[in-house]
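Worksheet for the structure shown next.
The values are calculated or read from the model by the stated rules, or taken from the named source; none is laboratory data. This one's a predicted model, so the numbers in the text were calculated from it and none came from an experiment. Positions of Cβ are backbone-derived with ideal geometry, glycine not excepted, and every protein chain shown enters the neighbour counts.
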Amino acid sequence: MKLAAFLSVTGSVTMAECHRFRAELASKSTALESEGDAFNFLHLEGSFTDCSSPTILDANSMGITSFQGAAQACTSSPNCSFFMLNTDEGKLYLCPESKGFLHASPSSSWIIGVKPSALDRAGYKVSLNKQAICTSAISQETVTSIDEAAVMARNLGSDVFSLNLNKGAAAGPSVPSMTAIFCRGASEYLDRNGYVTEETRVGAGPGSPAVRLNKTLPIEPKNGKK
């Protein structure tokens, strides 16, 4: 069975199919690593969402026990936009909806990983699991989608914004879920799972504020609480 054909099947699969998929995935691992997609998924810890027409895989039978393993399976499926993994129950869902993860709810036993291509946007440099430190902070606003944040950025004259997409406990108190921070320039980037940072291409060149390092601290919410 070809890999794409196997991944198009929804529901339970036989042990033989699991073993064939596992062997084929292992043979592709070098190519997947070189593409980088398997290791650059948006990481949403402790989140679950309804997934329309998922491919449901037995993670235990396939030897998938980690976020990276699930990301490789999603990368190998042309129809997968994001995955949901529950290692306790050995379940892996490959989901075709490109925006379904935006409706996630907290669930401690699940992890969502979003394929980078599902978050690409023309005219923007998109960085996953990164929060920008503003050179000049403009505003901090609650939004309902990435598209809304992009429109708001244009209206505010912001060339960089970071959006917290975490829905689980990882969202943290300092920047609430679905909160976007709008900047003019960014001096540095913090590693933070579940954050998407977008900057206009014109501000991403060498020597621009988007790549200059300094000690500017992230802005705090309007109410000043942490």
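Yes or no: Arg154 more than 19 Å from Phe82 (Cα to Cα), out of contact with any Ser or Thr (no Cβ under 7 Å at 6 or more places or on another chain) and modelled with pLDDT of 90 or more? First the steps, then the outcome.
Values: more than 19 Å from Phe82 (Cα to Cα): yes; out of contact with any Ser or Thr (no Cβ under 7 Å at 6 or more places or on another chain): yes; modelled with pLDDT of 90 or more: yes.
Yes; evaluated as a whole, the condition is true for this residue.
Select, from Ile138, Ile112, the only residue that is farther than 17 Å from Glu199 by Cβ, surrounded by 15 or more Cβ atoms within 10 Å (Cβ to Cβ) and touching a strand residue (DSSP E or B) at 6+ places or on another chain (Cβ under 6 Å).
Ile112
Residue check, Ala73 against (1) assigned to a strand (DSSP E or B); (2) over 28 Å from Val175 (Cβ atoms), all met but one. Which one?
All conditions are met except number (1).
So which of Lys99, Lys91 is of a type outside the set (Asp, Glu), modelled with pLDDT under 95 and surrounded by fewer than 23 Cβ atoms within 10 Å (Cβ to Cβ)?
Details: Lys91 fails: modelled with pLDDT under 95.
Exactly one residue qualifies, and that residue is Lys99.
For the condition without any contact (Cβ under 8 Å) to a residue 24 or more places away in the chain and over 13 Å from the mean Cα position of the chain (by Cα), what is the one hit in Asp120, Asp147?
Testing whether each residue is without any contact (Cβ under 8 Å) to a residue 24 or more places away in the chain and over 13 Å from the mean Cα position of the chain (by Cα) leaves just Asp147.
Out of the residues in segment 41-59 meeting the condition of being of a type in the set (S, T, N, Q) and part of a loop (DSSP other than H, G, I, E, B), tell me which one is nearest to Pro106 (Cα to Cα).
For segment 41-59, the residue satisfying everything is Thr49.
Could you go through segment 160-174 and let me know if any residue there is within 16 Å of the chain's Cα centre (by Cα) and farther than 19 Å from Glu45 by Cα.
Looking for residues that are within 16 Å of the chain's Cα centre (by Cα) and farther than 19 Å from Glu45 by Cα, one finds at least one in segment 160-174, hence yes.
Every residue in segment 82-99 that is within 18 Å of Asn193 (Cα to Cα), of a type outside the set (Phe, Trp, Tyr) and in contact with a Cys (Cβ under 9 Å, 6 or more places away or on another chain), please.
If the condition is that a residue be within 18 Å of Asn193 (Cα to Cα), of a type outside the set (Phe, Trp, Tyr) and in contact with a Cys (Cβ under 9 Å, 6 or more places away or on another chain), then Met84 is the only one that fits.
Residues that are surrounded by fewer than 20 Cβ atoms within 10 Å (Cβ to Cβ) and at pLDDT 95 or above: does segment 157-173 have at least one?
yes
Would you check which residues across segment 99-132 are of a type in the set (Gly, Ala, Ser) and not in a strand (DSSP E or B) and list them?
Gly100, Ala104, Ser117, Ala118, Ala122, Gly123
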